[in-house]
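These notes are about the structure you will find just below.
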Amino acid sequence: MTTKSAPGRSSTARVVVASLVGTTVEWYDFFLYGSAAALVFNKLFFPAHDPLVGTMLAFITYAVGFIARPLGGLVFGHYGDRLGRKKLLVLSLIMMGGATFLIGLLPTYQAAGVVAPLLLTVLRLVQGFAIGGEWGGAVLIVSEHGSARHRGFWASWPQAGVPLGNLLGTAVLAVLAAVQTEEAFLAWGWRVAFLLSGVLVLIGLWVRLAVAESPVFLEAASKAAERGEADKPPILEVLRRYRSEVLTAMGARFAENVVYYVLTSFVLTYVAVFLELPRGLALNASLIAAVVHFISIPLWGALSDRIGRRPVYLVGAIGTGVWAFAFFTMLDTRSFFMITFATTIGLVLHGAMYGPQAAYFAELFGTRVRYSGASIGYQLASIVAGSLAPIIATALLAGFGSAVPISIYVALCSLVTIIAVVRSPETHKRDLSADHGV
């Protein structure tokens with residue numbers, strides 16, 4: 001019997017950096033669309049007399065990206081479980097960057113009519129497909145390097161790439177909005193943020209191509225080949241043995257996903273359109289909150305290594321459900337400090353779910369189906385959670401003229417996650433090379 005030495009700290013750190021950089025670039029692309037939907041696309045691609053109606057139409061194409069994510073998770077998960085994590089991570093980065101770059105070149109509704117929003121929707125579908133495959137590969141290649149003792153901490157870094165990508169996208173839009181007039185920003189300034197993706201993708205590819213394949217995957221693939229199981233479709237194994245784990249991941253994901261998009265996308269609409277405050281105020285508040293969010297995610301991940309995934313996750317689920325009622329009250333003060341504080345605390349509580357999530361979901365599945373299983377659970381929830389969150393929140397605001405129904409909506413989503421996590425097993429001491437499932 002041969003024993004393999006675990007990858008060293010430096011090896012794990014290289015993989016973490018590569019995943020963080022690539023994830024940051026991909027989520028910069030994905031979230032840039034969300035910010036643009038609230039601030040630009042509603043005017044340039046979906047003109048309407050009522051600003052909230054135009055925003056809702058823009059958010060519908062925003063939701064289209066989420067619909068494509070489970071398909072991306074299925075396809076990338078299948079090949080990621082058969083060919084390896086690294087190859088699929090490179091492909092997802094190229095697809096995402098290419099689609100984002102092309103959005104920056106699109107004609108507007110005024111120039112091309114209905115063709116403009118149709119092309120925008122197609123490119124959004126490509127974005128969603130690519131990001132559907134990105135998450136699973138990025139968190140798994142980190143989770144499968146190194147030891148279980150610090151898995152929550154290391155695996156949380158690709159998660160931190162999400163607020164970092166959002167931070168980068170928001171920062172670019174904030175700078176452009178600050179140095180340009182409203183007319184210039186709508187005419188061409190917004191395009192700069194999308195075209196910048198081309199440069200970021202090249203940087204991400206350069207870093208990502210240098211990392212090694214997951215040793216856990218390579219060992220599992222070798223054993224599967226010896227047993228003649230290498231050609232079994234991973235998705236069928238997931239559906240046969242891991243249905244409960246998929247449902248757990250979906251439920252745990254529900255509140256986390258809804259809360260995040262209310263705090264990062266819908267808040268721009270609420271502050272800029274409903275409260276009629278300057279666009280830059282909302283962007284700057286989001287910028288500060290994203291910095292704190294980025295810092296908090298690895299800290300929550302490290303805490304989950306000490307006390308378990310479930311307790312930390314429940315802090316986030318319960319906390320965000322309660323905070324939803326204070327959040328909009330603070331926004332209504334129209335104070336920049338209060339808006340920033342409300343968004344920051346909300347995102348820190350969100351981090352308690354998002355920090356341990358990568359390791360938690362990875363630990364639910366066996367190695368040969370881990371990419372497929374984790375991606376399916378993660379991405380399926382996004383259809384009914386994150387994709388609809390800005391649309392539902394905007395519709396509730398337009399229908400009731402109050403944020404109270406939105407707070408109730410968020411609290412109900414938190415309840416779904418609380419139930420899912422309470423009913424699930426603790427996983428933080430599991431060996432990823434072992435086979436799990438029922």
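The values are calculated or read from the model by the stated rules, or taken from the named source; none is laboratory data. Nothing here was measured: the structure is a model prediction, and the numbers come from that model. Neighbour counts run over all protein chains shown; Cβ positions are idealised from the backbone, glycine included. Each accessible area value is taken on the protein alone, full model and side chains, heavy atoms only, with ligands, DNA and RNA left out. Shrake-Rupley method; radii C 1.70, N 1.55, O 1.52, S 1.80 Å.
Details
- When segment 224-238 is filtered for residues that are modelled with pLDDT of 75 or more and surrounded by 13 or more Cβ atoms within 10 Å (Cβ to Cβ), the ones remaining, listed by number, are Pro233, Pro234, Ile235, Glu237, Val238.
- Enumerated helices (runs of 4 or more DSSP H) restricted to segment 301-413, each holding at least 1 residues that are outside the structural domain of Phe153 (by the TED database) and in contact with a strand residue (DSSP E or B) (Cβ under 8 Å, 6 or more places away or on another chain): none
- Neighbours by Cβ (under 6 Å, 6+ apart or cross-chain): first from segment 115-143, farther than 30 Å from Ser433 by Cβ; second open to solvent by less than 10 Å² (accessible area, probe 1.4 Å) and of a type in the set (D, E, K, R): Gly128/Arg69
- Screening Ala342, Ala358 for residues that are at pLDDT below 95, open to solvent by less than 10 Å² (accessible area, probe 1.4 Å) and within 27 Å of Ser407 (Cα to Cα) leaves exactly one candidate, Ala358.
- Residue match in segment 278-292 (condition: surrounded by fewer than 17 Cβ atoms within 10 Å (Cβ to Cβ), out of contact with any helix residue (DSSP H, G or I) (no Cβ under 7 Å at 6 or more places or on another chain) and not in a helix (DSSP H, G or I)): yes
- Selection from segment 69-81 of residues that are open to solvent by 10 Å² or more (accessible area, probe 1.4 Å) and either part of a loop (DSSP other than H, G, I, E, B) or hydrophobic (A, V, I, L, M, F, W, C) (or both): Leu71, Leu74, Val75
- Any hit, segment 176-187, residues being crowded, with 23+ Cβ neighbours inside 10 Å and outside the structural domain of Met353 (by the TED database): no
- Segment 268-300, residues that are farther than 30 Å from Trp154 by Cα and either touching a Pro at 6+ places or on another chain (Cβ under 6 Å) or among the β-branched types (Val, Ile, Thr) (or both): Thr269, Val271, Val273
- Restricting the first member to segment 197-211 and to residues that are assigned by the TED database to the domain that holds Thr24, and the second to residues that are of a type in the set (D, E, K, R) and open to solvent by 30 Å² or more (accessible area, probe 1.4 Å), the beta-carbon pairs closer than 7 Å and six or more apart or on different chains are Val211/Arg14; Val211/Lys86.
- Any hit, segment 127-146, residues being open to solvent by less than 10 Å² (accessible area, probe 1.4 Å), under 21 Å from Ala68 (Cβ atoms) and polar (S, T, N, Q): yes
- Lone qualifier among Ala393, Ala403, Ala385 - being over 19 Å from Leu140 (Cβ atoms), aliphatic (A, V, I, L, M), open to solvent by less than 20 Å² (accessible area, probe 1.4 Å) and more than 24 Å from the chain's Cα centre (by Cα): Ala403
- Test: residue in segment 110-130 that is in contact with a helix residue (DSSP H, G or I) (Cβ under 6 Å, 6 or more places away or on another chain), closer than 30 Å to Glu219 by Cα and not assigned by the TED database to the domain that holds Arg370: yes
- Of residues in segment 147-160 being of a type in the set (A, V, I, L, M) and either within 13 Å of Tyr33 (Cβ to Cβ) or at pLDDT 85 or above (or both), the one surrounded by the most Cβ atoms within 10 Å (Cβ to Cβ): Ala155
- Residues of segment 230-277 classified as touching a Phe, Trp or Tyr at 6+ places or on another chain (Cβ under 8 Å) and either among the acidic types (Asp, Glu) or not in a helix (DSSP H, G or I) (or both), total: 3
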